[in-house]
Amino acid sequence: MVQPNRDTIVVLDFGAQYSQLIARRIRELHVYSRIVPYTISTEELQKIAPKGIILSGGPASVMNSQSPKPDAGIFSLGIPVLGICYGLQLLAMMNGGSVERPQLREYGFANLMIKKSSKLLHSIADGTRVWMSHGDAVATLPNSFTQTAVTANCKFAAVEDVVHSWYGVQFHPEVAHTTEGTKLLANFVLDICKAEASWNVGSFISTEVERIRKTVGSGKVLCGLSGGVDSSVVAALINKAIGNQLTCVYVNTGLMRKGESDLVVKVFRDTFNIKLIYIDAEQRFLDALQGVTDPEQKRKIIGKVFIDVFEEESKAAGEVEFLAQGTLYPDVIESISPSGGPSATIKSHHNVGGLPKDLRFSLIEPLRELFKDEVRELGKELGLPDEIVFRHPFPGPGLGVRCVGEVTKQRLDTLREIDAIFIEEIKKAGLYRSVWQALACLLPVKSVGVQGDERTYEEVCSLRAVTSEDAMTADWYRFPPEVLQNSASRICNEVAGVNRVLYDITSKPPGTIEWE
Ligand code: XMP
C-alpha cells in the first residue's frame, strides 16, 4: 500500500482521542502520515521505513503493567521519535526514567517556558500557550535526556535526547488550542526527520491513476454513486484512470433530496461523460416501507431493497470484475478503542445504503488513504462542482430516516420542499460551509395554527444544524436568528400542509445527528 519512495511519518496509536488529528496535521505539512496500532512489530515498522515515529497520547497509565507498550525494538531503529503525553511517558519509562501521578490532574491551558534551545522548539515563542490534558507526569528523566521547557505545573513539558533524536512533549501540539503546535510538528517532521514535503493532491492523483490502471488492466469497474462527495470523487478519479471501462450506477430510492438525482445525471452523464445506469426505484422503496414506522425496521428494509435493486440492475453493465467504493482513511484505521472493546450499536448504520463485502466483485477503494478534507481537495482538482464537493453528509437511508413516522410519497415531497428552503436560507446567509450538516425532519405530530383567519391543523417539522469534526460528537449550530426566522416563515408560507417549525438544540451525545 505504502510506496517506498514516499516519505512517511508513522503515528503509533495508544488509544488517543487525538491520533487522527496528529496524522492530519502532518499531512497539512504535505508529508504523508499513517496511523498504526501500537502492537506493530519492529519488523513491520521497518518495512514501512518511516522517516519518523510519533508515539500518541492515550488514556492508560504507563505505571499499570497491563498498559499498552510498543515493541522496545523500535528504539533501536535509529529513527527519530516524538512522544506526545502518554507517548512521552513511555519514552521516558522504557529508557530508564520514571513516571509519577501528581495529586492534581493538569487539564487546560498552560504557558510554555523555554529553558534550553532545541531543534524541536526552534522559533517557538517563550511563553506560548499550550494545551495540557494528563494525569501522570514524568518524574525523572533517563540519563541521556535533558529538559528543554517547563510550565508552571510541569517540569518536563518538553524534553530531548539529541544523541538518539528522541523528543517528548507533555502537552498536545496537534490540537488547535496549542498556538504554535503546527510549528512544533513541522520542526519535528521537516527538520529533525528530514521528511520531504511532497504529499499533495496532484501527486496523489498521478500515483493513484497509475495504480488503478495497473490493478484493473482491461477489466471493467462498477461504481455506485450516491450523490455524496466520496462516491463522486471515486467516480471522477476512476474515470480519469480508465475512462469508459467504468460504469456508474445511481439508484433513485425516492428518498433523495430535491434536485439531487438531476444533479447526479447532469454532472456525471452530461459533464464527465461517464456511462451511468440510472435506476428509478422510488415505487419499490415506497411499497416496501408502507406502514412501517419503527426506525430500525425502516433502516433494514431500505438497506435490503437497495442491495436487491443494485444487484439486479447492475447486471446491465455486463461482466464486471471490480466494484469501486468510497471508503475513507478514518474507516480503515485500526485504532484502539479506549474501552478496549467494540462500541455498542446505536443504529444499524453506515452500511445502510452501501453494499455488502461479499458481492461477486473485487473491491477497489482509491480513497482509503485520505481524510475527508483531502477528498474534497481532490474533488476540486478533478473538476467536480462545489455543489458536490462541499455537500453536507447525507445518510444512506436518506429522507427515510428524516420522515419520522410513516414514509409516504406525500410526506417525502413535503420534506423535500422544507429541506430545500432551509438549505437555501443557510446558503443565502453564507453559512453552508461553517455547518457540518443541516437537515430537516417531518414529525409524526400535528399542531393547531391560524392562517388568514382560518384555523389550521397541520404537520410539524424540525430543523437541525450541527458542527462536528467527525460525526462522533456534535454541537448544535448557533444561527443568527434571522436565518431561522426566514426559514420558518418561508416554510409555513410556501410548503402546503405545514404550520409549525422547531429548531433542534440537542447536542450529540445525548442526541444523535439524525432523528432515527
Ligand atoms: P448519527 O445520526 O448516528 O449520524 O449521529 C452520524 C453521521 O452518520 C450519518 N448517517 C449515515 N451515513 N449510512 C450512512 O452512510 C447510514 O445509515 C447513516 N446513518 C446516519 C449521519 O447523517 C451523520 O452524518
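Brief remarks on what is shown
- The range 354-367, subset surrounded by fewer than 18 Cβ atoms within 10 Å (Cβ to Cβ) and within 16 Å of the ligand (Cβ to nearest atom), residue modelled with the lowest pLDDT: K357
- When the range 273-293 is limited to residues that are out of contact with any strand residue (DSSP E or B) (no Cβ under 9 Å at 6 or more places or on another chain) and in a loop (DSSP other than H, G, I, E, B), the one that is least open to solvent (accessible area, probe 1.4 Å) turns out to be V292.
- Qualifying residue in the range 345-353 (condition: modelled with pLDDT of 80 or more, within 21 Å of the chain's Cα centre (by Cα) and within 16 Å of the ligand (Cβ to nearest atom)): no
- Scope the range 64-73; condition part of a loop (DSSP other than H, G, I, E, B) and in contact with a helix residue (DSSP H, G or I) (Cβ under 8 Å, 6 or more places away or on another chain); matching residues: K69, P70, D71
- Of the set (1) open to solvent by 20 Å² or more (accessible area, probe 1.4 Å); (2) away from the ligand (no atom under 16 Å from the Cβ); (3) not aromatic (F, W, Y), all apply to Q297 but (2).
- When A235, A241 are checked against the criterion of being in contact (Cβ under 8 Å) with a residue 24 or more places away in the chain, assigned by TED's automatic domain parsing to the domain that holds G326, part of a helix (DSSP H, G or I) and within 30 Å of C403 (Cβ to Cβ), A235 stands alone in meeting it.
- Answer from I79, I35, I53, I26 - the residue that is under 21 Å from W199 (Cβ atoms) and assigned to a loop (DSSP other than H, G, I, E, B): I79
- Enumeration of residues in the range 248-269 that are β-branched (V, I, T) and surrounded by fewer than 19 Cβ atoms within 10 Å (Cβ to Cβ): V265
- Scope the range 259-272; condition outside any loop (DSSP other than H, G, I, E, B) and farther than 21 Å from D413 by Cα; matching residues: K266, V267, F268, R269, D270, T271
Residue-wise test of (1) open to solvent by 70 Å² or more (accessible area, probe 1.4 Å); (2) within 13 Å of the ligand (Cβ to nearest atom); (3) in the same structural domain as V229 (by TED's automatic domain parsing); (4) not in a strand (DSSP E or B).
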| position | (1), (2), (3), (4) |
| --- | --- |
| K427 | yes, no, no, yes |
| R433 | yes, no, no, yes |
| C441 | no, yes, no, no |
| V460 | no, no, no, no |
| D470 | yes, yes, no, yes |
| R478 | yes, no, no, yes |
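- Residues that are among the polar types (S, T, N, Q), within 30 Å of the chain's Cα centre (by Cα) and part of a loop (DSSP other than H, G, I, E, B) within the range 115-173 comprise T128, Q170, listed in sequence order.
- Residue in the range 483-503 that is buried (at least 19 other Cβ atoms within 10 Å of the Cβ) and within 16 Å of the ligand (Cβ to nearest atom) present: no
- Annotation: W515 fulfils all but one of (1) open to solvent by less than 60 Å² (accessible area, probe 1.4 Å); (2) in contact with a Ser or Thr (Cβ under 8 Å, 6 or more places away or on another chain); (3) within 16 Å of the ligand (Cβ to nearest atom); (4) assigned to a loop (DSSP other than H, G, I, E, B); the unmet one is (1).
- Number of positions in the range 226-236 that are open to solvent by less than 10 Å² (accessible area, probe 1.4 Å) and closer than 16 Å to L246 by Cα: 5
- Any hit, the range 408-419, residues being of a type in the set (V, I, T), more than 15 Å from the ligand (Cβ to nearest atom) and part of a helix (DSSP H, G or I): yes
- Residues of the range 389-407 satisfying the condition of being within 23 Å of the chain's Cα centre (by Cα) and more than 16 Å from the ligand (Cβ to nearest atom): V389
- Scanning the range 75-90 for residues that are among the hydroxyl-bearing types (S, T, Y) and open to solvent by 20 Å² or more (accessible area, probe 1.4 Å) yields a single hit, S76.
- Any chance I277 is modelled with pLDDT of 95 or more and within 24 Å of L384 (Cβ to Cβ): yes
The values are calculated or read from the model by the stated rules, or taken from the named source; none is laboratory data. Given the structure is predicted, the values throughout are model-derived calculations rather than measurements. When we count neighbours, we look across all protein chains shown, and the Cβ atoms used for this are built from the backbone with ideal geometry, even at glycine. SASA here: full protein model, heavy atoms, side chains in, ligands and nucleic acids out. Shrake-Rupley method; radii C 1.70, N 1.55, O 1.52, S 1.80 Å.
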